[in-house]
1. Does the stretch 68-75 include one or more residues that are touching a strand residue (DSSP E or B) at 6+ places or on another chain (Cβ under 7 Å), more than 23 Å from residue 176 (Cβ to Cβ) and assigned by TED's automatic domain parsing to the domain that holds residue 9?
2. In the list 277, 292, which residue meets the criterion of being touching a strand residue (DSSP E or B) at 6+ places or on another chain (Cβ under 6 Å) and either in contact (Cβ under 8 Å) with a residue 12 or more places away in the chain or farther than 30 Å from residue 327 by Cα (or both)?
3. Which residues, counting only those in the stretch 349-378, are part of a strand (DSSP E or B) and over 19 Å from residue 196 (Cα atoms)?
4. List the number of the failed condition for residue 176; all other conditions in (1) without any contact (Cβ under 8 Å) to a residue 60 or more places away in the chain; (2) in contact with a helix residue (DSSP H, G or I) (Cβ under 7 Å, 6 or more places away or on another chain); (3) buried (at least 17 other Cβ atoms within 10 Å of the Cβ); (4) not in a helix (DSSP H, G or I) hold.
5. Within the bounds of the stretch 235-242, is there any residue that is assigned to a helix (DSSP H, G or I), modelled with pLDDT under 95 and more than 16 Å from residue 9 (Cα to Cα)?
6. Of the residues 198, 213, which is in contact with a helix residue (DSSP H, G or I) (Cβ under 7 Å, 6 or more places away or on another chain) and surrounded by fewer than 24 Cβ atoms within 10 Å (Cβ to Cβ)?
7. With the requirement that a residue be surrounded by fewer than 17 Cβ atoms within 10 Å (Cβ to Cβ), within 18 Å of the chain's Cα centre (by Cα) and in a helix (DSSP H, G or I), what does the stretch 1-50 give you?
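The values are calculated or read from the model by the stated rules, or taken from the named source; none is laboratory data. Everything quoted here is computed from the prediction, not taken from an experiment. Using ideal geometry, Cβ is built from the backbone for each residue, glycine included, and neighbour counts are taken over all protein chains shown.
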């Protein structure tokens with residue numbers, strides 16, 4: 001490989017696509033980078049590899065840099081979120097045994113599903129999530145807190161093992177990123193009941209992260225990496241590129257699975273149970289459109305708040321979402337920038353035009369299922 005070599009960790013999920021496309025379609029090479037993608041078996045392994053300096057950058061769950069920077073769990077390290085890699089893209093499902101008890105719950109109805117689970121649960125529901133410091137876990141906690149009597153037992157399961165955990169009755173339900181929900185459906189061990197977007201319509205799911213000291217000492221590499229990933233994200237959001245994107249992700253060196261299991265996430269055609277007709281989910285996963293890749297500091301504040309942070313911790317979290325670097329490193333390639341770096345989370349019920357540097361920005365709905373908003377301006 002020619003160019004500056006960057007080792008970048010990832011976990012095999014559909015939303016690692018911006019990194020894979022940046023490498024495979026030459027966006028990284030155009031920036032003078034040789035992107036070496038290093039597959040990791042779990043989020044804890046990836047976290048440790050980055051913290052110990054074995055990786056320059058990594059795909060991470062959006063709460064991970066916040067938690068690490070706050071000194072929570074595992075190896076504490078100051079980690080920066082350079083940009084968001086994906087918005088949404090997760091599913092919540094239950095085992096076939098649980099589904100049989102629930103009856104006919106409308107797909108995507110978070111309130112009805114919570115009520116049905118409460119009514120038919122004789123004890124704590126064991127729910128598999130990929131990592132404690134994950135958006136899956138925060139959304140699960142936010143959703144289930146609407147019913148104080150509903151008991152949940154959180155079980156950490158690496159995404160590639162989630163369908164096995166359901167099949168082995170290790171968990172009763174699961175919240176996981178695609179394609180691993182579709183794998184559970186295709187193996188006929190579980191059913192998808194809703195998507196993450198049914199709880200928060202615009203949740204930052206994965207981010208591009210790097211250690212703060214590396215970011216400060218490698219400004220040129222950071223700029224080139226961000227530009228390469230931005231162009232890949234933009235390419236991914238074009239529907240005409242979906243077929244090629246699915247084919248590339250399916251290759252053995254990336255997700256190593258059938259394209260039929262990858263396509264639902266990129267097409268937004270989610271199959272809730274085996275042999276059922278797919279459900280169309282608008283904006284199931286986003287990479288670039290509607291400022292999806294912008295690291296909003298208000299999103300970091302929401303994450304920190306739901307990790308139990310005080311005002312000082314929330315300021316630390318906001319500082320690790322590097323909207324300043326996003327503006328600095330991408331403005332030169334014509335990226336439309338929002339006029340602010342924070343917003344009231346959950347306030348948008350419809351697509352909304354907002355002030356931006358080029359005047360063309362429309363933000364997507366970002367409402368929470370309970371209609372609440374989050375405004376931490378402190």
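1. First, pick out the residues of the stretch 68-75 that are touching a strand residue (DSSP E or B) at 6+ places or on another chain (Cβ under 7 Å): 68-69.
Still in the running and more than 23 Å from residue 176 (Cβ to Cβ): 69.
Still in the list and also assigned by TED's automatic domain parsing to the domain that holds residue 9: 69.
Looking for residues that are touching a strand residue (DSSP E or B) at 6+ places or on another chain (Cβ under 7 Å), more than 23 Å from residue 176 (Cβ to Cβ) and assigned by TED's automatic domain parsing to the domain that holds residue 9, one finds at least one in the stretch 68-75, hence yes.
2. On the way: 277 fails: touching a strand residue (DSSP E or B) at 6+ places or on another chain (Cβ under 6 Å).
Being touching a strand residue (DSSP E or B) at 6+ places or on another chain (Cβ under 6 Å) and either in contact (Cβ under 8 Å) with a residue 12 or more places away in the chain or farther than 30 Å from residue 327 by Cα (or both) holds for just one of 277, 292, which is 292.
3. So in the stretch 349-378, the residues part of a strand (DSSP E or B) come out as 352-353, 356, 362-363, 368, 374.
The answer is 352, 353, 356, 362.
4. For residue 176, the failing item is (1).
5. We begin by selecting, within the stretch 235-242, every residue assigned to a helix (DSSP H, G or I); these are 235-236, 239-242.
Subsequent filtering for residues that are modelled with pLDDT under 95 retains 239.
If we keep only those that are more than 16 Å from residue 9 (Cα to Cα) too, we end up with 239.
There is at least one residue in the stretch 235-242 that is assigned to a helix (DSSP H, G or I), modelled with pLDDT under 95 and more than 16 Å from residue 9 (Cα to Cα).
6. On the way: 213 fails: in contact with a helix residue (DSSP H, G or I) (Cβ under 7 Å, 6 or more places away or on another chain).
Residue meeting the stated conditions: 198.
7. 45
To keep it simple, each residue is scored yes or no on (1) part of a helix (DSSP H, G or I); (2) closer than 21 Å to residue 214 by Cα; (3) at pLDDT 95 or above.
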position: 302; (1), (2), (3): yes, no, yes
position: 305; (1), (2), (3): yes, no, yes
position: 313; (1), (2), (3): yes, no, no
position: 318; (1), (2), (3): yes, yes, yes
position: 326; (1), (2), (3): yes, yes, yes
position: 329; (1), (2), (3): yes, yes, yes
position: 347; (1), (2), (3): no, no, yes
